[in-house]
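See structure below.
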Amino acid sequence: MATLHPLPFYSLHQKPQLQSTNNHRLFRLSAQSRETIDPTSSGQYTPGVIDRVFLNLFRNKMVQEVGWDSEKPGYDGLIDVANRLMVARTNSETKDAAVRILRSLFPPLLLELYKIIFAPIAQGKLAAVMVARVTALSCQWLMGVCTVNNVDLPDGSSLPSGVFVERCKYLEESKCVGTCVNTCKLPTQEFFMDHMGVPLLMEPNFNDYSCQFKFGISPPEEDSTLKEPCLEVCPNATRRRTAAIDTHEMKCPKA
C-alpha cells in the first residue's frame, strides 16, 4: 500500500519554495540566450528557444500567404520565402500581402482592443512607448540587437518610443532594398497605424544596415527611402546597372 506523505505546512509569513518546472527551464534557456541590450555594443544577437518558435511561426504564416516554402532551414529559408513574396506581384500587392501576414500573427480582438483602449491615452504617447518596448524585446530574432531610444515628436517633446536596430539581419541577409521596403518598412508602418492606432516611421540605413523605428511619428509624404538605389550586393544589382544605362534611373526597381 502506498505511503501517504503529509503536505508541507507554511506559516502566513513564510513563502513556499517553488520547484523548478520544465516551463521555468524553458524560460531560463530563452533568457540566457538574450544579450544585454547596450547601445554601444556591436555584438550579434544569439537566438534562444522562444526565438526559434517565433521564427517558425512567422515563416509558416509567410508560407501560407505565398503558397510556397523553401528547402533551406531556419533564417535562410525565411529570406527565400520573403523574396518569393515579391515574385509576380506589384509593390502594392506585396505590401498588402505582408500586412495580412502581420495581422495573422495577432488575435483580431487584441488588435482592436489595443487601438480602442490604449492608442487614445495621452495623445497616443503611452501606446507608442509600449509598442517600442515590446518590439525591442520580441523582434531581435528577426532584426538583431535592438535598443529603445528617445525620439523627438512633432510637438517638440521627447519620448522613449524609438527602437534602434544596430545592424538589421533581415536587410543584410536579403541584400535587397525592395525586399526591405515592400515586405518590411511599408507594411509594418501601415500595420501599426491602421490596426493598432500607432503612427510609425522606419528609417533604414542602407550603408550600415542599421534601422531607426520612430513610434508616434507619421511617415512623410515624400519618403527618400523609396528612391534608394539597389545595393551593390543585391542579386538584382546587375539588372539594375544595365537598366540604369538605358534609363538613367538609379533607384531600386522594386522600391
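Structure summary
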{"item": "Residue count for the range 124-159, restricted to those that are closer than 27 Å to F54 by Cα and in a loop (DSSP other than H, G, I, E, B)", "result": "3"}
{"item": "Hey, A98 out of contact with any strand residue (DSSP E or B) (no Cβ under 7 Å at 6 or more places or on another chain), small (G, A, S) and part of a helix (DSSP H, G or I) or not", "result": "yes"}
{"item": "Selection status of K175, in contact with a Cys (Cβ under 6 Å, 6 or more places away or on another chain) and surrounded by fewer than 21 Cβ atoms within 10 Å (Cβ to Cβ)", "result": "yes"}
{"item": "Per-region count, the range 212-229, residues surrounded by 13 or more Cβ atoms within 10 Å (Cβ to Cβ) and under 17 Å from V198 (Cα atoms)", "result": "7"}
{"item": "Within the range 51-73, considering residues that are open to solvent by less than 50 Å² (accessible area, probe 1.4 Å) and under 21 Å from E166 (Cβ atoms), the one modelled with the lowest pLDDT", "result": "D51"}
{"item": "Subset of the range 74-95 [open to solvent by less than 70 Å² (accessible area, probe 1.4 Å), among the aliphatic types (A, V, I, L, M) and not in a helix (DSSP H, G or I)]", "result": "M86"}
{"item": "Residue match in the range 116-137 (condition: more than 23 Å from C211 (Cβ to Cβ), charged (D, E, K, R), more than 16 Å from the chain's Cα centre (by Cα) and at pLDDT 95 or above)", "result": "no"}
{"item": "Failed item in (1) closer than 20 Å to K169 by Cβ; (2) aromatic (F, W, Y); (3) open to solvent by 20 Å² or more (accessible area, probe 1.4 Å); (4) out of contact with any helix residue (DSSP H, G or I) (no Cβ under 6 Å at 6 or more places or on another chain), with F192 passing the rest", "result": "(1)"}
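The values are calculated or read from the model by the stated rules, or taken from the named source; none is laboratory data. In this text, all values refer to a predicted model and were calculated from it rather than measured experimentally. Counting neighbours? That spans all protein chains shown, and the Cβs are built from the backbone with ideal geometry, glycine included. Each accessible area value is taken on the protein alone, full model and side chains, heavy atoms only, with ligands, DNA and RNA left out. Shrake-Rupley method; radii C 1.70, N 1.55, O 1.52, S 1.80 Å.
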